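Read the structure below first, then the notes.
The values are calculated or read from the model by the stated rules, or taken from the named source; none is laboratory data. What you see is a predicted model, and the numbers here were worked out from it, not measured in a lab. With ideal geometry, Cβ positions are generated from the backbone for all residues, glycine too; neighbour counts draw on all protein chains shown.
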Amino acid sequence: MEPKLIELAISKGAFVLIVGIALFMIRSLIKYIIDLDLGKKLEEIKKEAAKENITHTQELNKGLEEYKSQLDLLKQQSNVQFNHLHLERAGVIRDLYAHLVELHSAMVDFTRTIHWVQGDADKEEVDRLDRFNTALNTFKNFYLPRKLYLEKRITAQLDDILQKYWTEAYDFDLNKRLLRMRSGTKESNTIHNEKLNAISERVIKDFPPIVSQIEDEFRKILGVKD
């Protein structure tokens, strides 16, 4: 710019030089004003952006707090429902195990081949059968509607032992009735007695381990530690 002004000053004189300087100063001033205005606008934009960022952050934090509160509420409700279900399940297991113990005790007593007679042998035998039938029905009527509370592997064990109790008791009672009829041969009576002894032995030896397995499963559910 300066060389041009000098050249103009030489060729056109001092007037042209003054005009050139004035134009240069005006141009510089306009650029300064534009830069100053842009700077102010930029600062305003920065301040507005910062303000919006703070507002957005506050709204986001508020939304997060509300979401966290909702999650905490759902968690509390879930814990209440779980605790209630666990308590209800624990009650089912407690009563179911008591019925199972009674059923096993009645089964062992019913399938013994030798009994100590306290007074009336026939009546005592009927009482043992009645006790078993009551225990079996009580267990079955309590267990079947509440299978939903238990895992399938446990219900499979309970279904299996329930079937075993019924089958062995039925065979035991049948062979005993056939012996009472005294219409068979000596050989057939021997076979019936052998069947009675085999059933009694299986009940004593095979059934307790199954009951013990079920007991262990119940302990795990209840959180009982050894």
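Quick look at the values:
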read-out: Residue within region 216-223 that is assigned to a helix (DSSP H, G or I) and either modelled with pLDDT of 95 or more or among the small types (Gly, Ala, Ser) (or both) present; value: no
read-out: Counted residues, region 111-155 - those being part of a helix (DSSP H, G or I) and over 34 Å from the mean Cα position of the chain (by Cα); value: 14
read-out: Total residues in region 117-143, condition modelled with pLDDT of 95 or more and of a type in the set (Gly, Ala, Ser); value: 1
read-out: Close pairs from region 205-226: first farther than 14 Å from VAL101 by Cβ, partner not in a loop (DSSP other than H, G, I, E, B), Cβ under 6 Å, at least 6 apart; value: GLU217/ILE154; LEU222/ALA90
read-out: Residue, surrounded by the most Cβ atoms within 10 Å (Cβ to Cβ), within region 170-192, restricted to residues that are of a type in the set (Val, Ile, Thr) and either in contact (Cβ under 8 Å) with a residue 40 or more places away in the chain or assigned to a helix (DSSP H, G or I) (or both); value: ILE191
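Conditions tested, residue by residue: (1) of a type outside the set (A, V, I, L, M, F, W, C); (2) modelled with pLDDT of 70 or more; (3) out of contact with any Lys or Arg (no Cβ under 7 Å at 6 or more places or on another chain); (4) outside any helix (DSSP H, G or I).
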| site | (1), (2), (3), (4) |
| --- | --- |
| ILE54 | no, yes, yes, no |
| LYS68 | yes, no, yes, no |
| ARG89 | yes, yes, yes, no |
| VAL101 | no, yes, yes, no |
| ASP109 | yes, yes, no, no |
